[in-house]
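The values are calculated or read from the model by the stated rules, or taken from the named source; none is laboratory data. All values derive from a computational prediction rather than experimental measurement. When we count neighbours, we look across all protein chains shown, and the Cβ atoms used for this are built from the backbone with ideal geometry, even at glycine.
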Amino acid sequence: MVKEDVLEEKMSERKEKLHAKKEKAEEKAEEKINKTKDKYEEKKEKTKVYSEKFVSDLNTTIDEFKDNLKSMQKYADEKINEYKNATISNLAVDLVESDDIYYLKVAVPGLSKEDVEIEAGDNDIVITATFKPFVEELGFVKEEDDEDEEEVDVRIIASELTVGKCSKTVRFENSIDVEKIKAKYSTGVILITIPKLVIPKHKVTVE
């Protein structure tokens, strides 16, 4: 009888220990689940914040990009207007004289003969050269009267070359024979041959 009581007591103690272990294990499991939930919620909140920040930054970047495009377009328009309205006297020339002819050499780098105009007067000559912007040479500038041409967006990074109309006036001590002036273009240089006007002496009869 005593042995049965002892055995029953031991079994009861073992049950209590097992029950305590079970409760402890359940508490740990629940604690772990709660921690996992908290981490998930925290990560979810961070992801939401990052997403909202990303969208906000993206919208800001798009707005800045649009503003930059407008600024670049404005800069390009200003440069083109400067070209259309500019008149600059910076053509380089060499002038040589013989007894009956002036030889004038004009540097027009990068231009064709169609971009140069020459006008002669009684004792002077005017050379006008038109330097086009690089974007126009590439064909990116749409003509006002050309509705069929597709406009291309470009960005001007640097614009240091001379643009616009460059004019040079050369005056001579002698009158020149405007009808015999000749001009020849070759590789960015125009050679102008300008004969002096020879007025033959006329003998006057005294009456």
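Here are the numbers for the structure shown:
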{"item": "All positions within segment 157-202 that are closer than 23 Å to residue 124 by Cα, in a loop (DSSP other than H, G, I, E, B) and in contact with a strand residue (DSSP E or B) (Cβ under 8 Å, 6 or more places away or on another chain)", "result": "172, 174, 175, 177, 181, 188, 197"}
{"item": "Residue within segment 183-199 that is at pLDDT 85 or above, closer than 30 Å to residue 71 by Cβ and surrounded by 15 or more Cβ atoms within 10 Å (Cβ to Cβ) present", "result": "no"}
{"item": "Residue check, residue 106 surrounded by fewer than 14 Cβ atoms within 10 Å (Cβ to Cβ) and at pLDDT 80 or above", "result": "no"}
